[in-house]
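The values are calculated or read from the model by the stated rules, or taken from the named source; none is laboratory data. Bear in mind that the values here come from a model prediction, so they are computed numbers and not experimental data. When we count neighbours, we look across all protein chains shown, and the Cβ atoms used for this are built from the backbone with ideal geometry, even at glycine.
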Amino acid sequence: MQKLRLIACVMLSLQLAACVTETTVVGSDRQIRPKTDQKEAARTRIALGINYLQRGDNAQAKFNLEKAKSLAPELAEVHNAMAYYYQQVAEFEAADKSYQKAIDLEPDNADSYNNYGAFLCQRGKYQQAEQLLLQAISRPGYIRAADSYENIALCRLEQKDFIQAKAYLDLSIKHNASRPSALFNLASVNYAMADLTDAQVLLDRMQSASQISPRSVLLGYLIAQEQQDYQRMQSAEQLLLTTYPQSQETLLFSQGKLHESEFSLLRQAYKQQLLKQPSEQAQAGVVQPKIKITRKKPPLAQRDQQTQPSEKAVTEEASDTALAAQSAAELATESKKTGSGYTGQVMQHQVQQDESLYGIAERYSVTISDIISWNSLRDNQPIVKGQILWIGQQAPRQIEPQIEVPERYQIQYGDTLFRISMRYRVKLTSLLQWNNLTEQSPIRAGQFIYLKDPAQLEL
């Protein structure tokens, strides 16, 4: 996931002011500068300091920021910039004091609350961080609410709170429908939570706006892989190999290490949260700013059979958060179908359309890890309609059919060395050695490679 996003403290031209009005003190040659000009000079110094900081020249950055502070110590922008500098050089105590000073000087400066909140989240002070970010959103005239909502979402993800993260990302997009980072982050969260259709819709929105990156292409490949859409898989693979050959995502793909991608790790984190507290995760309510929820208790006779979330009385202020609240309800009712439950006897379950491991585990009152163990499922291995899963015991070992391995193989469109090694059950290291290749070596359709040791073939 992306790092917490800091709103720029200053958006200024890096050019020095062309004209400066100066006066002199009576009886002295000492010149004085009007306060307005001092503030402008300070802003110029801030711009220079931030520019130097971004270029890695910390000494010049600090010189210019200190100069800005001497020119206009009462200017909140100065202390915001100083806080950002201290943050970059890991002087966190000084950064904290500078952020507090900026807020004290201008209590209605929403950017200060956002930046301070993002900083505290990075420091692991999640509750205080979220309060500050919500304060930024509540400030009159604040036009960057989407930034702060996204920061809250990313802060929630740091706490492995996927439901709330998804809800706040929904809010970020509602405030800025074309925000690329929020669209991508929400697509990533949806993938982690197995909401593949929604994840693909978000990626399509990014693609239509020409907001494509190797990260989004790899995520699209993983979604297509789960949906068994081989045409989209091939398109994504070609785009990675031809457009982004040097990217980290392409390297993971070519090495067959997709399980190490940020998206696979995010999904694993979500699975672990479900395994820790599955019922709590499924029934968690979404706490949103500007929303009031009143829950009606069902009759006692219905409480054990209830599969839908409680009715909510929502104020008019909640209109912009309806979609966010709905996400929790969808998770709570996912794949809850009428079933007999697990009786302790060994049984088989045939996977139905749109069923998930979570829904099946809930049906039989077992854990996802049990199902994975009983069926020897690989991490991130998708389940498909019609697949048979064993409930209650290890799946019986099947005799693997013998595969005829040719001496040489002609590479087809869409092939990777990893796929070829898996198909013919040849060690990837052996393939590389026999063909004088490395894991980074490109391969192309029509190329021949050895599937057996050429030294032995010559004999």
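Quick check: is even one residue across the stretch 106-123 part of a loop (DSSP other than H, G, I, E, B), among the acidic types (D, E), over 22 Å from G49 (Cα atoms) and touching a residue at least 24 places away in the same chain (Cβ under 8 Å)?
yes
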*What is the one condition in (1) in contact with a strand residue (DSSP E or B) (Cβ under 9 Å, 6 or more places away or on another chain); (2) part of a helix (DSSP H, G or I) that F418 does not satisfy?*
(1)
*Could you check, for the stretch 186-198, whether at least one of its residues is in contact with a helix residue (DSSP H, G or I) (Cβ under 9 Å, 6 or more places away or on another chain), polar (S, T, N, Q) and buried (at least 19 other Cβ atoms within 10 Å of the Cβ)?*
yes
_Filter result (within 17 Å of L53 (Cα to Cα) and part of a helix (DSSP H, G or I)) within the stretch 81-97_ = A81, M82, A83, Y84, Y85, Y86, Q87, Q88, F92, A94, A95
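If you check I103, I137, which single one turns out to be within 15 Å of A81 (Cβ to Cβ), crowded, with 18+ Cβ neighbours inside 10 Å, of a type in the set (A, V, I, L, M) and out of contact with any His (no Cβ under 8 Å at 6 or more places or on another chain)? Walk me through it before giving the result.
Numbers: I137 fails: within 15 Å of A81 (Cβ to Cβ).
Within the list I103, I137, the selection yields I103.
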*Residue in the stretch 50-85 that is nearest to D111 (Cα to Cα), counting only those that are surrounded by 20 or more Cβ atoms within 10 Å (Cβ to Cβ) and touching a Phe, Trp or Tyr at 6+ places or on another chain (Cβ under 7 Å)*: A83
*helices (runs of 4 or more DSSP H) within the stretch 181-268 that include 3 or more residues over 29 Å from Q353 (Cβ atoms), touching a Phe, Trp or Tyr at 6+ places or on another chain (Cβ under 7 Å) and at pLDDT 90 or above*: none
*Restricting attention to the stretch 412-430, and to residues there that are at pLDDT 80 or above and either exposed (fewer than 15 other Cβ atoms within 10 Å of the Cβ) or assigned by TED's automatic domain parsing to the domain that holds M233 (or both), which single residue is farthest from the chain's Cα centre (by Cα)?*
S430
*Taking only the stretch 149-159 into account, find how many residues are in a helix (DSSP H, G or I) and without any contact (Cβ under 8 Å) to a residue 40 or more places away in the chain.*
5
